[in-house]
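Each reported figure results from applying straightforward, stated rules to the coordinates on display, with no laboratory input. Remember, predicted model here, so these are calculated numbers, not experimental data. Cβ atoms come from the backbone with ideal geometry, glycine included; neighbour counts cover every protein chain shown.
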Amino acid sequence: MNLSALLSHYWWVLLILFALIFYKFILRVFFGMVIVPENRIGLVTKKFVLVGANRELPDGRIIATKGEAGFQAKTLAPGLYWGMWPWQYGVDMQSFTVIPEGKIGLVLSNDGAELPTGNILGRKVPSDNFQDTESFLNNGGQKGRQTHLLTPGTYRINTFAFTVTIADMSVIHENMLGIVTSLDGAPITAGQIAGKDVAGHNNFQDIDTFLVNGGNRGLQPQIVLAGSYYINPWAVQVEEIPMTDVPIGNVGVVISYIGEDGTDVTGDSFKHGNIVAKGYRGVWMEPLGPGKYPVNKYTTKIELVPTTNLVLNWANARSEAHALDKNLSTITVRSKDGFPFNLDVAQIIHIPANEAPKVIARFGSMNNLVSQVLEPTIGNYFRNSAQDSDVISFLSTRKERQQAAREHIREVLDEYNVNAVDTLIGDIVPPEALMKTLTDRKIAEEEQKTYQTQKMAQEQRQGMEKETAIADMQKEIVKAQQSVEISQRTADATVKKAEGDATSLKLQVNAEAEATKMRANAEAEATRARAAAQAEATRLNASADAEKISKTGVAEAEKIMAIGKSTAEAYELQVKAMGGDNFTRFKITEEIGKGHIKIIPDLIVSGNNGSDGSLSGLMGLQLLQMLQEKKKEPENTRQELQHPEQN
């Protein structure tokens, strides 16, 4: 079977296949069918209108709302539509408009009423978030940028009527704030630099409410705190700045540039500026304490005023952290004797918190206070003070001049509502030539002091060595003292012993003397008896010899008497010449030397007439001789008894 035969028998199969393949085209052409997918919308363009009053669009319009030829306001939602013949209608499939999270959609209307003069944004009208273009245009929607915006979501937007631009949300970070400038609204009131406060706009997210309530274009007094906001950047510009920090030890004096003129609350005593209540234009009476504040830097200024003691240095190489003294330098003065010299000064001030607004109202800032009051006051005072004295006197009276400066500057600063705590004079740098003279003088004085100190040290050293020697000798001194005491006690004991021995010896001598006396008496009796016997024998035997013996005895007695007398006279002369005591000692010593006399004599011989109980010199000698003879008599007697024939 050939091809023609097949076609003649199965043509209907081919017709079905053709219909299946081109059914959309067929339905579109013959029935005007349009299918809009679920994720699309149909943008309709009407090519022509055959008959009717609305054949053409009004002048200035590009979107048809009444069936005119052109871009149609009404779009086709997802679904099936008939009668949309291709020769009359063009349908463009357009994706949905999607606004992601964290983004916003800014809408530009391509059609609508003209914007009034002075407006830059079209006002919001009912339009179901610009998804109902017909409603937007019929309700007076204006062409151009719109105040209303699209929040995150999916929208069926007629892109013939509206152009949507994706933008970021407005984000204000922590410890930051947003300063708002409105690009649309009524002009700012004359004499003001910012618009008035407007309520109900929800942090400028509802710009239409802001404009309806009379919001002004330009700088806004209201600010936006930390957070994320759906703010239309075509309507509002937001500048992110840090919050105002009032550190501890400071207060923030508020200077408001906006608001109504307030009444001065300081009274008649303060004539250097207006201080007003909170909310008015000017310096506020109530300062801000330490903390963080969302302050609009364009409408309000916060002037920090230290409330702790503040040190300002007039020194070239020194500046405090606050930097208020960065422009201060060492003060150069000239003395009465014409010498220029430099001096560093430190001034400590204190501004009470309740006086801080007055200081700012008077000077405007702390820098102005330093440059307009403190710098000239302190500099001129010390220049004047230096001219009344020479350099050396100024140096020597530094303490007094510092005290005088403190009192003077305190009185001056009291007039400016500033407390002067203290004024301190730092380094004083005289001229080099004069400084050398002073240095040499000081060195000489210090050397003299050094010599005096060394002298005193040597004297103290001598005293110390003396005391050390005394301390070292103390042991020997104590030992010597103990030896002296021991010797003294030994001597006392010896004296006592000698006295006891003397007493004992005296008693012994007395006893010996008594015994000698008794023996002498006994011997005398015996002698007399023998003498009587001998005499009788002699008388009987030799009466003739008696006469001879008698004469011989008398002669011998006279001889003895003469010898004794001469000896006594010799002793008496010696006693007178030597003294009784000395003579006695001499004789005792002589006898001791000869070894014939005891150390302690049996009899004490004295030359003072026996008034002290002792014998006189002559009698003592006689007695001594008699005792010696007595001692010899027993021997003679023993010899006579042993050899009687010799007698």
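Points worth noting:
- Overall form of the range 60-118 per C-alpha gyration tensor (a/c, 1.5; a/b vs b/c): oblate
- Sites residue 114 and residue 190 - FRET efficiency at Förster radius 25 Å, r taken between beta-carbons, to 0.05: 0.30
- Shape of the range 31-166, Cα gyration tensor, a/c cut at 1.5: oblate
- Simple label model, 7 Å out from Cα along Cβ direction - residue 292 to residue 486, nm: 9.6 nm
- Amide H contacts for residue 281 (H built 1.01 Å from N in the peptide plane; partners 5 or more residues away or on another chain; cut-off under 5 Å): 260, 261, 262.
- Zero-based 10 Å bins, Cα pair distances in the range 437-488, whole percents: 23, 22, 19, 15, 11, 7, 4, 0
- A convex hull fitted around the alpha carbon atoms of the range 133-236 yields 114 Å³ per residue.
- Pairs beyond 26 Å (Cα-Cα), from 496/517; 301/358; 143/196; 103/124; 475/497: 496/517; 143/196; 475/497
- For the range 41-147, chymotrypsin sites (Phe, Trp or Tyr not before Pro) meeting the loop criterion (DSSP other than H, G, I, E, B) and having at most 16 other Cβ atoms within 10 Å: 48, 82, 87, 96.
- Cβ-derived FRET efficiency at R0 60 Å, residue 197 paired with residue 348, nearest 0.05: 0.90
- Radius 15 Å from Cβ of residue 373, net charge of other residues (Lys, Arg +1; Asp, Glu -1): -3
- Whole-Hz Karplus values for the range 160-165 come out as 5, 9, 10, 10, 10, 10 Hz, taken residue by residue from phi with 6.51 cos²θ - 1.76 cosθ + 1.60 and θ = phi - 60°; glycine and proline positions read x.
- Simple label model, 7 Å out from Cα along Cβ direction - residue 402 to residue 308, nm: 2.3 nm
- Residues with amide H under 5 Å from that of residue 218, placed H, sequence gap 5 or more: 182, 183, 184
- Amide hydrogen neighbours beyond the local backbone of residue 76, cut-off 5 Å, H modeled: 42, 43, 44
- Computed over the range 272-404, the Cα gyration tensor eigenvalues convert (square root of 5λ each) into semi-axes of 38, 14, 12 Å, ordered from largest to smallest.
- Ranked by the mean number of other Cβ atoms within 10 Å per residue, highest first, peptides 207-215, 420-428 order as 207-215, 420-428.
- Separation of alpha-carbon centers, the range 118-142 and the range 179-217, rounded to whole Å: 21 Å
- Residue-count net charge about residue 457 - beta-carbon cut-off 14 Å; Lys, Arg +1, Asp, Glu -1: +1
- Prolate/oblate/rounded label for the range 230-344 (Cα gyration tensor, a/c 1.5): prolate
- Normalised by the number of residues in the range 394-493, the average gap of Cα pairs under 8 Å and 6 or more apart makes the relative contact order 16 percent.
- Net lengthening on full extension, residue 387/residue 228 (0.36 nm per residue, minus Cα-Cα): 50.5 nm
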